[in-house]
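Data first, discussion second: the structure below is written as structure tokens.
The values are calculated or read from the model by the stated rules, or taken from the named source; none is laboratory data. In this text, all values refer to a predicted model and were calculated from it rather than measured experimentally. Methodologically, a virtual Cβ is constructed for each residue, glycine included, from the backbone with ideal geometry; neighbour enumeration extends over all protein chains shown.
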Amino acid sequence: MARRREDSEPVTPAELARVDRMRRDFVANVSHELKTPATSLQLLAESLLEVLDDDPGQARFFAEQLKSETGRMNQLISDLLDLARLESEEGVPDPRPVDVRSVLMVVLARMRQVARGKEIDLRWKRYGEASRYIIEGDETQITSMFTNLVDNAVKYTPPGGVVEVIGDAAGGGISVSVSDTGIGIPRDKLSRLFERFYRVDKARSKETGGTGLGLSIVRHIAEKHGGRVSVQSAPGEGSTFTVHPPRR
Ligand SMILES: Nc1ncnc2c1ncn2[C@@H]1O[C@H](COP(=O)(O)OP(=O)(O)O)[C@@H](O)[C@H]1O
Ligand SMILES: [Mg+2]
């Protein structure tokens, strides 16, 4: 019996080939991204062994480097695991009431120290009654979504800049935007921003310890909660990322 189209669209060979190519690209990307820190770990361990007996100062330096490189690799692996989980689950598995306002307070409190260290003014504004900030969702995912956005804003804003988080629950649903006065993003790069491993400036992002997975995690989480994320940016002026509520 012929399948009815509305039950499931037949998969075309071209589509299968595309999915297979994406899968292969992904495996190649992951291997490459893991290879880089793995190579540094090995080099650092070798250097540490060389100086261990005669130069405690140098040995300490290599040990510190080993620690931070290991941390970076760990972050990459946990981002990959998060992404794999987000991609394999349909929707939010166990939705519960989440107070977006208190999530934002927690995220801001955690980021305050980093912002202060960079002399960035981290501000927060809220429109709409506190009681309207409750949604059904996954608190851990929502926390991770806003942490990624604020982390980027602080990371890609030079010292002396401003990062502002604005919650708006005055209309239908809650929208949250994270604005910065940072380096901004060229127009022709905006469309690729939410792809896995995509970084506008690869060298710079590596330096700051980014995995290139943050924004694709953000997009998945927003969409799982029925919303979406958009970006506006101008190089040298700053960027605004907004998480929009589900359309009514
Ligand atoms: N607020 C921002 N200002 C400027 N560039 C940004 C901002 N947020 C993200 N980007 C760009 O988008 C890229 C992807 O972001 P993300 O997925 O979080 O990766 P990363 O691990 O590099 O932070 C970053 O490498 C950076 O080039
Ligand atoms: Mg990031």
Q | Set Leu81, Leu16, Leu41: member being surrounded by 11 or more Cβ atoms within 10 Å (Cβ to Cβ) and of a type in the set (A, V, I, L, M) | A | Leu41
Q) For Pro246, which of the numbered conditions (1) over 16 Å from Met145 (Cβ atoms); (2) away from ligand 2 (no atom under 15 Å from the Cβ); (3) surrounded by fewer than 15 Cβ atoms within 10 Å (Cβ to Cβ) fails to hold? A) (1)
Q: Would you check if Phe26 is in contact with a Leu (Cβ under 8 Å, 6 or more places away or on another chain) and farther than 23 Å from Asp151 by Cα?
A: no
Q. Does segment 214-222 contain any residue that is within 8 Å of ligand 1 (Cβ to nearest atom), outside the structural domain of Gln65 (by TED's automatic domain parsing), among the hydroxyl-bearing types (Ser, Thr, Tyr) and closer than 24 Å to Trp124 by Cβ?
A. no
Q: List every residue pair whose Cβ atoms sit under 6 Å apart, with the two residues 6 or more apart in sequence or on different chains, where the first one lies in segment 37-55 and is within 18 Å of Gln75 (Cα to Cα) and the second, anywhere, is part of a helix (DSSP H, G or I).
A: Pro37/Glu69; Pro37/Arg72; Pro37/Met73; Ser40/Glu69; Leu41/Glu69
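Every residue, every condition in (1) within 16 Å of ligand 2 (Cβ to nearest atom); (2) in contact with a Gly (Cβ under 9 Å, 6 or more places away or on another chain), yes or no:
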site	(1), (2)
Arg123	no, no
Tyr127	no, yes
Ile134	no, no
Ile142	no, no
Met145	yes, no
Asp151	yes, yes
Pro158	no, yes
Gly161	no, yes
Glu164	no, no
Q: Please name all residue pairs, on different chains or six or more residues apart, with Cβ atoms under 9 Å, provided the first residue is in segment 101-122 and is in contact (Cβ under 8 Å) with a residue 24 or more places away in the chain and the second residue is loosely packed, with under 13 Cβ neighbours inside 10 Å and among the small types (Gly, Ala, Ser).
A: Arg101/Ala130; Lys118/Gly160; Glu119/Gly160; Ile120/Gly160; Asp121/Gly160
Q. If you take just the strands (runs of 3 or more DSSP E) that sit entirely in segment 135-248, which of them hold at least 1 residues that are without any contact (Cβ under 8 Å) to a residue 24 or more places away in the chain and hydroxyl-bearing (Ser, Thr, Tyr)?
A. 228-234
Q. Looking at segment 43-76, which of its residues are among the aliphatic types (A, V, I, L, M) and outside any helix (DSSP H, G or I)?
A. Leu52
